[in-house]
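Written below as structure tokens is the structure these notes are about.
The values are calculated or read from the model by the stated rules, or taken from the named source; none is laboratory data. If you're wondering where the values come from, they're calculated on a predicted model, not measured in any experiment. Every residue, glycine as well, gets a Cβ built from its backbone with ideal geometry; the counts of neighbours run over all protein chains shown.
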Amino acid sequence: MIDFVLNLRGKRTKQKENWESIFFDKHELYFNAICVDLRDISGYGLLLLGDFFKVSNYNENIKISQVEEYFKGNFYAIEVEEESISVKSSGFSLLPVFYDNENKYIGSSVLLLNELLVSKEYTYNKKWELNQLLFNYQFSDDTIFNQIKLLSSFSIITVKNNNFYFNKTLQIVDYIEKSPLPWKKSLSNISELFIDIASKYIPDEKSAISFTGGFDGRTLVSIAKFYNKDFSTYSYGLKTSDDVIIPCGNSKLLKIPYQSLLLDEGYIKSQFYKHSLCYTNNSNGGNGFIYSHSSYAAEELSGKNKYLITGVCGSELFRAIHLTGAVTSRELIGLFTCSNFNDYYNLLANSKSMKYLKIESYKNELKEIAEITWQYKQRFSSKLGLNQKLYIFVYEEIFRKFFGSMVKAQMNYINVRTPYTDLNFFKELIKTDLSGVYSDFLTENPYKRFKGQLLYAEVIRRTQKKLYWSKTGKGYPPAFVRQPLLRPLLFYPFFSKRVKRLFSKADLDNLSIISGIRENFENLILYDNHNYETHRFNDDLVKLSETTNENLRDNMIVEYKKNFGL
């Protein structure tokens, strides 16, 4: 658990079991998290909440803006000064900070602010619903409640004299190079840097490392094995999934412990719905019906492990985005590709993602979202390329809103560490064209995209040769990426997958999402609601199958309102 609220003394209306309080002059910090108090004898200085580890010696005089020079991890930093209190989230702000501008409350959860502090209920924000459907997360600072806002990434919020002040500490655009260092000159140094940095995120205590058929987890496992860390590995899926078969075989090859969290009938019947709701509530509105397995894995692993090491954000750091889906929706890509506002607005207004809404009830909200998102795009310099604009959004928004919601939900059970989000590594990586920000926009050419897997391949080559030559879920081993003479072989799995798609439909139930929904049909069915096309929704719900269009499957989000008790 990693949650807190910061409020004026005497304003909290409820008590929660196992929560603690620290009182300041005018404020109370109420929390349930690991806390380290670095304040001086006068009570001024820093408090850290969450999971963190020291990388440099510190003293009582360090400021909140300097905290990441001394500590790494996913945590909140709170600075107490004589007349003010400041709060920030570490790294890429994966852990959210919410604030109520009217009452001057700050917290880690919209639901906790609503539960613990307000005398009257917050009102539901209909823009939240549209944002979730169109983009899969909130585009701006909106939340499910009109009165609560989400703090921007890389920002510090300060309450002083009953006013809020905001300070942006990092701008991604400032780090984009006109002439990045070529990968051939930078690969060796960047690989060495990542090996060193990632090894510090993997503790000496018992931890579980996500090990799938891809590159992210394989790279972290290679480093952990190289440094002889005390760890086990895991993955989830069906018995027939590459994400189970491949890591199981590789774990035997390396003689390391492996646990397959099978999303079988037992999971579908007893865990799917429970963890769908847990994920939604613990992530401040993330789509729990799609990521139930993520919450389930965290709870299962917490029994024997103190830490979960995950490869989230790795692919987005290095590889060119080339598909629309859960991370980058069709509507998001449309924002960057549409040349005028009218075309963009029409794209949103005609989106199939909103097929279950009575759109007339959302007309004003839709227009407002279109205007806000278009203004976001307009702020970029014309000197930036299309892919660079998209990647600024990836680093500033997708990292924390998509992957951050996953980390926050999992940290309800276990400490989650994310080596790929280390800011020092990011600042060095973006100086080189190994960064995805310098790729071609939405390219699918495997010979151009191989650059996005080079760092993985080089790190694995240096740390674990057995995994270097072992096939991944992509259909080829890392060696094919790193060895120039073998690189043309990347085309074979690329084309074979496309040929396969011509003759067979993809099974979209590999994570038991559709099976879980069908099993819990009675809990999900919608009754009469003036905002929804309930008959259409319920008809499609009945027809769900393993080959149902993925967008239709993912739009089970309308159930969220009931889950939040709204």
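Per-structure values
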{"read-out": "Residue count, the stretch 391-409 (criterion: buried (at least 24 other Cβ atoms within 10 Å of the Cβ) and more than 20 Å from T143 (Cα to Cα))", "value": "1"}
{"read-out": "Any hit, the stretch 136-148, residues being loosely packed, with under 13 Cβ neighbours inside 10 Å and hydrophobic (A, V, I, L, M, F, W, C)", "value": "no"}
{"read-out": "Residues (free of Cβ contacts under 8 Å to residues at least 60 places away in the same chain, in a loop (DSSP other than H, G, I, E, B) and either within 15 Å of L117 (Cβ to Cβ) or not assigned by TED's automatic domain parsing to the domain that holds F164 (or both)) located in the stretch 1-25", "value": "R9, G10, Q15, W19"}
{"read-out": "Residue tally, condition surrounded by fewer than 21 Cβ atoms within 10 Å (Cβ to Cβ) and either under 31 Å from the mean Cα position of the chain (by Cα) or among the small types (G, A, S) (or both), over the stretch 49-63", "value": "8"}
{"read-out": "Filtered residues of the stretch 163-183 (kept if over 16 Å from S89 (Cα atoms) and aliphatic (A, V, I, L, M))", "value": "I172, V173, I176, L181"}
{"read-out": "Residue in the stretch 261-274 that is in contact (Cβ under 8 Å) with a residue 60 or more places away in the chain, crowded, with 17+ Cβ neighbours inside 10 Å and under 22 Å from I144 (Cα atoms) present", "value": "yes"}
{"read-out": "Flag for S153 being at pLDDT 95 or above and either of a type in the set (A, V, I, L, M, F, W, C) or under 25 Å from V173 (Cα atoms) (or both)", "value": "yes"}
{"read-out": "Residues of the stretch 150-168 classified as under 22 Å from S140 (Cα atoms) and either exposed (fewer than 12 other Cβ atoms within 10 Å of the Cβ) or not assigned by TED's automatic domain parsing to the domain that holds I78 (or both), total", "value": "3"}
{"read-out": "Sole residue being over 24 Å from the mean Cα position of the chain (by Cα) and either crowded, with 20+ Cβ neighbours inside 10 Å or at pLDDT 95 or above (or both), chosen from L429, L347", "value": "L347"}
{"read-out": "Some residue of the stretch 30-37 being surrounded by 17 or more Cβ atoms within 10 Å (Cβ to Cβ), closer than 30 Å to E121 by Cβ and either in the same structural domain as V312 (by TED's automatic domain parsing) or over 24 Å from the mean Cα position of the chain (by Cα) (or both)", "value": "yes"}
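Residue-wise test of (1) modelled with pLDDT under 95; (2) closer than 23 Å to A198 by Cβ; (3) buried (at least 19 other Cβ atoms within 10 Å of the Cβ).
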{"residue": "S241", "(1), (2), (3)": "yes, no, yes"}
{"residue": "I290", "(1), (2), (3)": "yes, no, yes"}
{"residue": "G311", "(1), (2), (3)": "no, yes, yes"}
{"residue": "T328", "(1), (2), (3)": "yes, no, yes"}
{"residue": "I333", "(1), (2), (3)": "yes, no, no"}
